[in-house]
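Notes for the one structure printed next.
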Amino acid sequence: MEKLRTILIDDEKTSTEVFAMELEMYCPRVEVVAACNSAKEGLEKIRELKPDLVFLDIEMPWMNGFELLQSIDKVDFEVVFVTAYDEFAIKAFRYSAADYLLKPVNKQELIAAVDEVWQRLERREKSDQLEVLFSNLNFLRHNIPKIALPTSDGVEFVKIEDILYCAADGSYTTVYLTDGQKILQSKTLKQVSQMLEDCNFLRIHQSYLINPAHLKRYIRGQGGMVMLDNGTELPVSRSQKDELVRRLSENGK
């Protein structure tokens, strides 16, 4: 693969013009094959040109970015969402570890997003990103306290309250549930932490992220240890000790 054949879709012409210039300047792996200023035109160009990557605005007249994707039978290209600040959408992106950029687009974040897409395509990884994203959007819209987690054979729908803790496993993360189930995620603990940051999860160590709702005891020491409801004991790093103690004080534990 020499270039990422890319389509830009945004209802503001100035946005696509500026974005195309930035991609040309900062992302030599990208070849912009079409810049579309409506969802309808974007759909036509996707079907005609079969891109590797689409930068997609969310809020557009006639059809928004989510509706555009859901109208395509098979999304066989990578998607990076580009949006003005929208708390609801961004929470869904974080839950799903979906690729997104905020307007105005930051140069370094743009480069990082393109690099991430390139690496996924090089590794020929099949992404469940969109299925997971749409599930999480549905949960958020209906105020359902669940999260969709991709697995090796599908997607698992998990109550957030049922997550005990998450543990780093190299470039992967294992999610431990109250019923004893373990779900391996092809994401780093940092990415999982970002997914769950709106759910009050707490990073206690470079290798562990806990759900404070299941914290049973804190055992003091240099960093200390925590015990969870199921008896699991996990170390607390010195650097995370103060934040843990602060959170425990706030919650009266």
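The values are calculated or read from the model by the stated rules, or taken from the named source; none is laboratory data. What you are looking at is a predicted structure, and each value in this text was computed from that prediction instead of being measured. Positions of Cβ are backbone-derived with ideal geometry, glycine not excepted, and every protein chain shown enters the neighbour counts.
How many residues, within region 79-112, are assigned to a loop (DSSP other than H, G, I, E, B) and among the aliphatic types (A, V, I, L, M)? If you could, list the steps in order and put the result at the bottom.
Initial filter on region 79-112 (assigned to a loop (DSSP other than H, G, I, E, B)): 84-86, 97-99, 103-106.
After this cut, where a residue has to be among the aliphatic types (A, V, I, L, M) as well, the list is 84, 97-98, 105.
Going through region 79-112 one residue at a time, the tally reaches 4.
Summed over region 208-244, residues that are in contact (Cβ under 8 Å) with a residue 60 or more places away in the chain and assigned to a strand (DSSP E or B) total 2. Which of the residues spanning region 227-247 are of a type in the set (A, V, I, L, M) and more than 28 Å from the chain's Cα centre (by Cα)? Those that are of a type in the set (A, V, I, L, M) and more than 28 Å from the chain's Cα centre (by Cα): 227, 245. The set of residues in region 49-78 being of a type in the set (Val, Ile, Thr) and either in a loop (DSSP other than H, G, I, E, B) or in contact with a Cys (Cβ under 8 Å, 6 or more places away or on another chain) (or both) consists of 58, 72, 75.
When region 113-155 is filtered for residues that are assigned to a strand (DSSP E or B) and either over 16 Å from the mean Cα position of the chain (by Cα) or surrounded by 20 or more Cβ atoms within 10 Å (Cβ to Cβ) (or both), the ones remaining, listed by number, are 147, 148, 149, 150, 154. Of all the residues in region 55-70, those that are under 17 Å from residue 16 (Cβ atoms) and under 17 Å from the mean Cα position of the chain (by Cα) number 5.
Evaluate the following for residue 195: is it in contact with a Leu (Cβ under 8 Å, 6 or more places away or on another chain) and either surrounded by 15 or more Cβ atoms within 10 Å (Cβ to Cβ) or farther than 30 Å from residue 24 by Cα (or both)? So residue 195 does not fit the description; no. For region 164-180, the criterion of a residue being within 19 Å of residue 91 (Cβ to Cβ) and among the β-branched types (Val, Ile, Thr) is satisfied by at least one position. Among residues of region 164-192 being aliphatic (A, V, I, L, M) and in a strand (DSSP E or B), the one that is surrounded by the fewest Cβ atoms within 10 Å (Cβ to Cβ) is 184.
Which one of these is under 26 Å from residue 137 (Cβ atoms) and in the same structural domain as residue 119 (by TED's automatic domain parsing): 68, 23, 49? Reasoning before the result, please.
Details: 23 fails: under 26 Å from residue 137 (Cβ atoms); 49 fails: under 26 Å from residue 137 (Cβ atoms).
After ruling out the rest, the residue left standing is 68.
Checked against (1) over 21 Å from residue 98 (Cα atoms); (2) out of contact with any Ser or Thr (no Cβ under 8 Å at 6 or more places or on another chain); (3) of a type in the set (A, V, I, L, M, F, W, C), residue 204 passes all but condition (2).
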